[in-house]
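Enquirer: Below you will find the structure I want to go over with you.
The values are calculated or read from the model by the stated rules, or taken from the named source; none is laboratory data. Treat the numbers as computed from the prediction; the structure is a model and nothing was measured. Note that we place each Cβ from the backbone using ideal geometry, even for glycine, and neighbour counts take in every protein chain shown. These accessible areas exclude ligands, DNA and RNA; they are computed on the full protein's heavy atoms, side chains included. Shrake-Rupley method; radii C 1.70, N 1.55, O 1.52, S 1.80 Å.
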Amino acid sequence: MNWECGMLKNTRIGLLIAMVLSATVALVSCGGVGAAPLNNGSLAGVAVSVSPQTMTIATGTTQPFTATVINTGETGVAWLVNGFPGGINPTDNTSPFGTIDKNGNYTAPTFIPIPPTVTITAVANANNSASGNASVSINGTPSPVSISPLAVNVEVGGIALFTGKVDAPDPTVTWLVESVPNGNAVVGTVSPVPGTTDQVNYVAPLEVPGGAQTTQVHVTAQSFANPQESASAVVTISAVGSTVVTITSPAVPPTVPLEQSQAFAAKVTGTSDTTVSWEVDAIAGGNANVGTIETEAGGQASYTAPKQLPVPPNVIVTAFSNAVPAAQASMLVNLIPAQPTIVKLSPDVCTNTGAVPVTTQVNLTASVTGPENQAVSWQVNKIAGGNTAVGTITQAGTTNNAVYTAPANVPTPATVTVAAVSVANPSASGTVPLTITTTAIPKVLISPTSATATAGSGAVPFTSTVQGIPNTGSDYVTAQNWAVNGELGGDSTIGTAEEDNNQPTVRCQAFGNYDPPATVPSSNPVSVTAATPDGVTSAGAVVTIIPAPVFAEMLEPGNNDPQTVQVQPPSNKIQYAVSQTKNGTPDTSDPVSWTLTSTGQNCSVGAGSICGTITPTGINTSEQFTATYTAPTVIPPNNQVTLTVASVIDPSASDYNQITIAGAPTIAITGPQEVQAGTGPYTYTAVINNAQPNDLVWNLGCISDSNSNNQEDFCGPRTAYGPGCIKDARGGEVCDEQGVTLPPFTVVYTPPGMVSTADYLQNACTIISGDQHKSIVPLNVQMIANGCPLQNGIPTCTAITCVTVTPP
């Protein structure tokens, strides 16, 4: 099958509908349908309709379709699914969109395709230019194969990073471009990203396939174990300077609740007509099942999620150029159930809501979840703003803070209700009852109200809150007011309670610690209380004392400090130490065991090194058992491993650490490889794997260009000649100087106003390419991360991209 046929049969659904007449003719030469017989020597008036025209079915089910052909005695048709005759891709004999037999019986694929809408086409045997279509929406079982991103735009020679995953026992991914394993020079190629098992770099061909200004190819992630399971992404390839569509907002795939809206914006370059139209799952304007999108002025649009959650819970929003429909950009939209509006109203923690003295002010804070509009309005006894009889409430600072002022006299009834009402959804509100009294009534609360402590172990923290004292300046709970079983400070048999000197008193709150006794007391559980100096005491917090275990293990690093290890030295090892105690005393005479486990794979002895190895290394001077973990040389299918150390005598005494096995850190730069002088700016992004650096260092090198009059090397900031300038994420601009940028690790590059046409100087890029007759600017980025090659003793990874600047 030649490339043109492959491209035709893989044409995007949205384009298939518009191109079906020409497509079906071309399919004759591609082996799609047979030659059209003449009907009485005339083809005029032949028309085809398909019934039903729209249908929603589940994965794996069958739906019959009927084709009606008029104005001819030859009523036979050939059936296609998304342009594939019978639904079968002859290149790899797969049927990613389902199949249809000669009688029109369509069987949906085993898994939901992407997008989840397919087109059924009937082509008249009497006239191959006559056809009819039906649209089928498919729900049911999501595919175990995923690919991201789902759509990208690149210029010829450009690079795009793809991630493919298979949720199956065998996660191996096979990559294809237009059904060609790893692609080729015509449609572009894919190659693995070093150190990863699920990522590839797609490199576009040096010419647009088919000779057009813009075209599309499909990058497919396919399950190695089951080639019928796959997911594809659309790559729009454009000639340099041709029409390109970019979705500028939102910056990342958004999450939208049902029936809520999300704003989109797109821009078009390369044509004077910069208007765009929008689709949802290849449906112009969308529909009630996938959500709708309304086109607005200036490339803007508003997407509204449907009322019911589709399966899978995401859709694809696409913007395409009205001038060049093949130029388009897409973004995944994640959908979640409608979020209920919940308003929570909280009074100041120092307020005793059961006894608010007359004329007292109470601070309140409202929090709103659900709608985008977080504003609230305020009421007292359902009266907006309240009144002098029940008290008044006024906004304080922001709409979610207010001050309630109690009335001058106790109202009847004495309890009033303060409410914060959602502005977006007035049926949702949060309320707090306040009881008005003539005098303040203090009380003390203790938190937590119950706890468990191990005999001889560390302290249990408590917080006491004094409420209802108008001026709490001298009424804090102090150290002598903490008690255990009513005994001030407690004692060694029941445990002790005292002030936490590391937690100073804050307003009406104070902090204390309860230390359990060395053995379980005869009166168990015990009661911990806090009291003010004048005798207002909290209810007792119940503390249950449990016996200390005979053996105890403490691993360093432990379960609160997960580790990441790489598969290559020197970052492929982790040193561990475990402190074992026996009846509270350090113990290295009784042995410990070390084990590795991982969900879905065997890490036991004899299973090889799939999870890595743990080697005990002895006892150090701190009376700790030590061991060295060494990562495997290849990342296993499940790269999450748990290291557990336990007492051999009492295996229930154990501790663990989570280990993530990663590849070597890599860094690459994505962005246009050729730009025109006087245009821009252009965005370049650092693509990082297996590292999380805090900062990156970007450098702009000298342009391979010189002034023919004075042979001056242009490395400085110039308005016309020179390398141009880069601007980091903070807005700081540098021209041929070192610049540091913070996440999201992007810089924008503005080319010079013009380039020389005479002599050229060598730089890093001309040395690499060997071409000294172009104006080329090196742009490189560096990161410091463990596992990178050492540069002057510092682990540093470097990436470089060579940007060719063409004359204006």
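Enquirer: If I histogram all Cα-Cα distances within region 405-466 using bins 5 Å wide from 0, what percent of pairs lands in each bin?
Expert: 4, 12, 13, 12, 12, 13, 12, 9, 7, 5, 2
Enquirer: What is the ratio of the Cα radius of gyration of region 343-407 to 2.2 N^0.38 Å, with N the residue count, to two decimals? Intermediate values should be presented prior to the final figure.
Expert: Numbers: Rg = 12.0 Å, N = 65, 2.2 N^0.38 = 10.7 Å.
Computed over Cα atoms of region 343-407, the ratio equals 1.12.
Enquirer: In terms of solvent-accessible area of protein heavy atoms at a 1.4 angstrom probe, what is the ranking of Met554, Met754, Met55, highest value first?
Expert: Details: Met554 115, Met754 80, Met55 55 Å².
Correct descending sequence by accessible area is Met554, Met754, Met55.
Enquirer: With every protein chain in place, what's the accessible area of Phe745 (1.4 Å probe, Å², nearest 10)?
Expert: Approximately 30 Å² for this residue.
Enquirer: Looking at the square roots a ≥ b ≥ c of the eigenvalues of the Cα gyration tensor of region 51-100, which shape do they give, rounded for a/c under 1.5, prolate if a/b is larger than b/c, or oblate?
Expert: Numbers: a/c = 3.21, a/b = 1.38, b/c = 2.33.
Cα axes put region 51-100 in the oblate bin.
Enquirer: Here's a follow-up. What is the percent carbon and sulfur in the accessible area of the chain, measuring with a 1.4 Å probe over the protein chains and ignoring ligands?
Expert: 53 percent
Enquirer: Give the Rg (one decimal place) followed by the Dmax (whole number) of region 131-216, computed from C-alpha coordinates and expressed in Å.
Expert: Rg then Dmax for region 131-216, in Å: 15.5, 49.
Enquirer: Sticking with this structure for a sec: For region 243-302 and region 537-596, compute the distance between their C-alpha centroids and round to whole Å.
Expert: Here the answer is 53 Å between Cα centres.
Enquirer: Here is a further query. Considering the Cα positions of region 492-641, please state its Rg to one decimal place and its Dmax as a whole number of Å.
Expert: 22.8, 70
Enquirer: Continuing with this model, one more query. Between Val403 and Val550, what is the spin-label point distance in nm, taking each point 7 Å from the Cα along the Cα→C-beta axis?
Expert: 6.5 nm
Enquirer: What would the Debye equation give as log₁₀ I(q)/I(0) for region 602-643 at q = 0.23 Å⁻¹, counting only Cα atoms as equal point scatterers?
Expert: At q = 0.23 Å⁻¹ the computed log10 ratios are -0.78.
Enquirer: Given axes a ≥ b ≥ c from the Cα gyration tensor, I'd like to know whether region 356-461 is rounded (a/c under 1.5), prolate (a/b larger than b/c) or oblate. Can you show the working numbers first?
Expert: Details: a/c = 2.90, a/b = 1.40, b/c = 2.07.
Because a/c hits 1.5 or more and a/b fails to exceed b/c, region 356-461 counts as oblate.
Enquirer: Helix 13-29 versus the longest principal axis of the chain: what is the Cα-based angle in degrees, 0 to 90, to the nearest 10?
Expert: 30 degrees
Enquirer: Further question: If only Cα atoms are counted, what is the Rg of region 62-138, and what is its Dmax, in Å?
Expert: Cα-based Rg and Dmax for region 62-138 come out at 12.5, 39 Å.
Enquirer: While we're looking at this one, here's another question. In region 205-306, which chymotrypsin sites (Phe, Trp or Tyr not before Pro) are in a loop and have at most 13 other Cβ atoms within 10 Å, using DSSP for the loop call?
Expert: Working: sites: Phe224, Phe264, Trp278, Tyr303; in loops: Phe224.
Here the sparse-neighbourhood loop sites are Phe224.
Enquirer: Calculate, in whole percent, how much of the Cα-Cα pair population of region 294-367 lies beyond 21 Å.
Expert: The answer is 60 percent, as a whole percent.
Enquirer: A further question follows. Would you please report the Å³ per residue occupied by the convex hull of the alpha carbon atoms in the chain?
Expert: 252 Å³
Enquirer: Calculate, for the chain, the solvent-accessible area per residue in square angstrom, rolling a 1.4 angstrom probe over the heavy atoms of the protein chains.
Expert: Numbers: 36690 Å² over 808 residues.
Ligands and nucleic acids excluded, the figure is 45 Å² per residue.
Enquirer: In the chain, how many lysine pairs have Cα atoms under 27 Å apart, counting only pairs 8 or more places apart or on different chains? Please list the in-between numbers first.
Expert: On the way: Lys9/Lys102; Lys9/Lys165; Lys267/Lys727; Lys307/Lys344; Lys344/Lys382; Lys344/Lys443; Lys727/Lys774.
Eligible lysine pairs with Cα atoms under 27 Å apart amount to 7.
Enquirer: Hey, any idea what Rg/Rh is for region 114-272, computing Rh the Kirkwood way over Cα pairs? Please report the intermediate quantities before stating the final value.
Expert: Values: Rg = 18.0 Å, Rh = 17.9 Å.
Rg divided by Rh gives 1.01.
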